[in-house]
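Worksheet: the structure to be examined is printed underneath.
The values are calculated or read from the model by the stated rules, or taken from the named source; none is laboratory data. Since the structure is predicted, the reported quantities are computational estimates derived from the model, not experimental observations. Don't worry about glycine lacking a Cβ; one is built from the backbone with ideal geometry, like all the others, and counts go over all protein chains shown.
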Amino acid sequence: MTANERTITSPHLLLLPPGIMSAAWAIYGFPIDKIGAGLITLAIITVFFSAFLRIELPRTDLHLTISDALVFLSLLFYGGEVAIILAMLEAGCSSFYVRRAHPTGLSMSKKTILTNILIAGFSTFVTASVIEMLFGTPETVWRGGDNTLLLSLLAVMALTQFASNTFLAAAYVAGKTGRKLLDVWNEYCFNALVLFCSGAVMAGLSAKALRQIDMVQFVLAVGFFGLIYVTFKRYTDDVKRSTSRADESEVVRADQAEVHIAELKHFVDELTKTAEELGESRERFRHAAFHDPLTNLPNRHYIVELIDRLLSDASSGPHGEFAVLLLNLNRFRAINDSLGHPTGDRIIRHVAKRLGELPHEGAVIGHFGGDEYAVILPNLQGSQTAIDFADAAARSIADVVRFKGRQVYTSAKIGIVPSSAGYDSAHHILRDADLALYSAKDKQKNWMIFDKTMHSSAVSMQQLETDLRYAIVCNELETFYQPIVDLEKLTLHGFEALVRWNHPSRGFILPNDFIPMSEDTGLVIPMTLQILRTACTQIVEWQNSAPANKLLTVSVNLSGKHFSDAGLVGQISTILTETKIDPECLKLEITESSTMEDTENTIEKLRQIRSLGVKLSIDDFGTGYSSLSYLHRFPIDTLKIDRSFVSSMDEAAENDEIVRTIMALAKTLKLNVVAEGIETVQQLTNLQRLGCEYGQGYLFSRPLPAGKIAAMIEEPGRWQNLVSETNFNPEALNSDYLESKFTN
Ligand code: C2E
Ligand code: MG
Ligand code: MG
């Protein structure tokens, strides 16, 4: 082995004396007589070719060379001097070869080459000396045929050469690097033992062979083995190449695997991210599906699911009772129309906040859209807690709301349903809560708890609706007329047409009992059109009956729902044409509350109706908190003072004040005034004193069917003696008396 593989680069001077001494000893004792074809051939092969004849062992940093074997062979054949010279020449040559051929351009300095030469020379010198000492001339040993002795010689030769060579090399490196000799030897040199042993074995075998054949034959054999070697080397090169290709492709595969792993990781990350995003968007969708966007409160779906869940919990175990509250804001449409939708939205949110602030553990507040809310109160002990909550909710909602320096008032009606009634579906609970809510509205209470009578009254309301539909089609509705009297002259001025329903089984039904339902169902429109057509036709007939009646007027009530219907103006116009009534003789009465909801549209609609020539009255004036600032803009002709003010006139003096104020207002706005509900002569005289132009009431007549009006038309001044007559006859104040006077 040579030191070049061990990359030894410096101090060499210490090796110089033993190396030179070894070389000198070899040259001095060189056996010139042994020079012949055999030695020359051996020398050429050793020096020039052995370095090339190396076999690198795949996957190790070792390579087998035959240089050590040839040096050993020369030692056996020609003695130590020849072996030292050949070893030094071979070390020099192979160092040059390595320096030239090293693939990474390993730089091997001249000093290193010299060191290699010196180590090779000195270690061979040591080996030759030990062999000489122990075995005498080696030639005699291998020629002697004692295999045991030969093997011992070979072993000593290999070990001595290994020990001296590697010791020198390790000492050189350790001296140069400052590392421990044993560490360096262990790291670089130990593996070389196998090389020296194999070299010794090869030398031994060759010596054995040479005992049989001469040197020429040996050379031929070497040539033969050379050929085998070349073939073997090609094979090992192939193995090496394919190993390195395999290594390369392993590296490529490893790289690719790394890329794949990175891609896979990225893919998994993306998948995780997408799954998270999907999860989030599913959550968002779920939230949107179960929440109201305006308040972010649970919506109807949510509440229905929750109630169903509470019901099934209650059926599967002893869970607490709960209650469902349905809340509706009063007059919310008016707020929306007068203050605008953004303010309406803020009120909706504000009410939601107030509800949320009410104390009840586990209460769930929901918003069903518009002005409707639901509250679920779990864990109840009886319905008193629900009632307390409803009271607190009504109070809290009724508290003033301040927006941008503006004060807004709202209030709510509440329907309550306790779960104890044995429900099996959320829809049934909500249906009953709705009925309780409507009952609260109907009875003007803040809240109502559902009871079964509400259900039956709802059913009968449903029946009533069907019946009203039928009544409209079958002309079961009748128009009654109540005279409107000129209070100054006490003569007939005209009539107010009032609907009556002669129900086949229930008998006469008054408007207040079916008009709200007709408004909810939209039936009020065909119904009013029927009354309008009948009243116009009737008044034209009465007008034509005598020239004195030419100016008789008829007033027809319009509901708020009908007033806001887009087809109203066209419908009136058609009826005017059909009945040929003088439009000036027709008055349409609109309640104060229906004019409040959307003032600008109201004004426009009133103008359109007025453009037909028809007169307009505000009915029940004084009850609807109408904005006086708008009143002067309304194109109207008449104010009808509500019955409540008239009837209370004789009770207290301050009630006169209200009527007086309305009179003053009407005068300013140049409007006529009709007083409703005059029942007593006292009321009549008070109104006359205040200058009220027209009046109607039981004092003059109850509403009567058309057939019973004829007498009144024939005698238009029949009330002129009323004051003096009633003054003396208190019975005459009884409206029944008056009515019977006309009806009988
Ligand atoms: P309204 O337009 O204010 O009609 C006056 C109501 O007062 C009538 O009640 C009438 O019978 C009643 N009344 C008149 N004088 C007196 C009196 O001296 N004492 C008392 N206690 N009551 C008196 P009615 O006929 O029950 O009508 C109630 C309401 O129903 C009407 O109030 C009106 O708003 C509505 N209505 C009546 N007919 C129709 C109709 O054909 N269409 C529409 N849309 N609404 C109608
Ligand atoms: Mg009226
Ligand atoms: Mg009225």
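So that you can scan it fast, the table gives a plain yes or no per residue for (1) assigned to a helix (DSSP H, G or I); (2) buried (at least 19 other Cβ atoms within 10 Å of the Cβ); (3) among the polar types (S, T, N, Q):
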site: 609; (1), (2), (3): yes, yes, no
site: 623; (1), (2), (3): no, no, yes
site: 665; (1), (2), (3): yes, no, no
site: 692; (1), (2), (3): no, yes, no
site: 697; (1), (2), (3): no, yes, no
site: 711; (1), (2), (3): yes, no, no
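Might you let me know whether the stretch 571-588 holds any residue that is crowded, with 19+ Cβ neighbours inside 10 Å and within 16 Å of ligand 3 (Cβ to nearest atom)? Yes: one or more hits. Filter the stretch 344-399 for residues that are free of Cβ contacts under 8 Å to residues at least 60 places away in the same chain and of a type in the set (A, V, I, L, M, F, W, C) and give the result. Within the stretch 344-399, 348, 352, 355, 358, 363, 375, 377, 392, 394, 398 qualify. Every condition in (1) over 59 Å from the mean Cα position of the chain (by Cα); (2) within 16 Å of residue 612 (Cα to Cα) holds for residue 541 except the one numbered (2).
Looking across the stretch 628-664 at every residue that is of a type in the set (A, V, I, L, M) and modelled with pLDDT under 90, the one that is farthest from ligand 2 (Cβ to nearest atom) is identified as 653.
What about residue 571, is it at negative phi, polar (S, T, N, Q) and more than 16 Å from ligand 1 (Cβ to nearest atom)?
No.
Checked against (1) at pLDDT 80 or above; (2) surrounded by fewer than 16 Cβ atoms within 10 Å (Cβ to Cβ); (3) within 30 Å of residue 205 (Cβ to Cβ), residue 101 meets all criteria but (1).
Of the listed requirements (1) surrounded by fewer than 18 Cβ atoms within 10 Å (Cβ to Cβ); (2) within 28 Å of the chain's Cα centre (by Cα), residue 374 misses just one: (1).
Within the stretch 312-319, can one find any residue that is under 32 Å from the mean Cα position of the chain (by Cα) and of a type in the set (D, E, K, R)? Yes, because at least one residue in the stretch 312-319 is under 32 Å from the mean Cα position of the chain (by Cα) and of a type in the set (D, E, K, R). Looking only at residues of the stretch 524-552 that are within 16 Å of ligand 2 (Cβ to nearest atom) and under 21 Å from residue 594 (Cβ atoms), we find that the one that is surrounded by the fewest Cβ atoms within 10 Å (Cβ to Cβ) is 531.
Going through (1) surrounded by fewer than 17 Cβ atoms within 10 Å (Cβ to Cβ); (2) outside any loop (DSSP other than H, G, I, E, B); (3) modelled with pLDDT of 90 or more; (4) over 55 Å from the mean Cα position of the chain (by Cα) one by one, residue 670 falls short only on (2). If you scan the stretch 580-607, which residues turn out to be within 24 Å of residue 552 (Cβ to Cβ), outside any loop (DSSP other than H, G, I, E, B) and more than 16 Å from ligand 1 (Cβ to nearest atom)? The answer is 583, 584, 585, 606. Taking the stated definitions as given, is residue 591 under 21 Å from residue 676 (Cα atoms) and at pLDDT 95 or above? For residue 591, the condition - under 21 Å from residue 676 (Cα atoms) and at pLDDT 95 or above - is not met. Filtering the stretch 103-117 for residues that are under 24 Å from residue 31 (Cβ atoms) and in contact with a Leu (Cβ under 6 Å, 6 or more places away or on another chain) leaves an empty set. The strands (runs of 3 or more DSSP E) located wholly in the stretch 469-537 that include 1 or more residues which are under 23 Å from residue 701 (Cα atoms), away from ligand 1 (no atom under 12 Å from the Cβ) and without any contact (Cβ under 8 Å) to a residue 60 or more places away in the chain occupy 491-503, 507-509. Those strands (runs of 3 or more DSSP E) of the stretch 332-424 in which 1 or more residues are modelled with pLDDT of 85 or more occupy 364-367, 372-380, 412-418.
Name every residue in the stretch 469-491 that is more than 16 Å from ligand 2 (Cβ to nearest atom) and touching a helix residue (DSSP H, G or I) at 6+ places or on another chain (Cβ under 6 Å), in order of residue number. Quick ask: steps written out before the conclusion?
First pass over the stretch 469-491, keeping only residues more than 16 Å from ligand 2 (Cβ to nearest atom): 469-478, 486-491.
Within the stretch 469-491, 472, 477, 487 qualify.
Considering every residue within the stretch 431-453, establish whether at least one is in a helix (DSSP H, G or I), out of contact with any Lys or Arg (no Cβ under 7 Å at 6 or more places or on another chain), surrounded by fewer than 12 Cβ atoms within 10 Å (Cβ to Cβ) and of a type in the set (S, T, N, Q). Scanning the stretch 431-453, I find at least one residue that is in a helix (DSSP H, G or I), out of contact with any Lys or Arg (no Cβ under 7 Å at 6 or more places or on another chain), surrounded by fewer than 12 Cβ atoms within 10 Å (Cβ to Cβ) and of a type in the set (S, T, N, Q), so the answer is yes. Evaluating residue 556 against the criteria (1) within 16 Å of residue 587 (Cβ to Cβ); (2) assigned to a helix (DSSP H, G or I); (3) near ligand 1 (Cβ under 9 Å from one of its atoms) leaves one unmet condition, (2).
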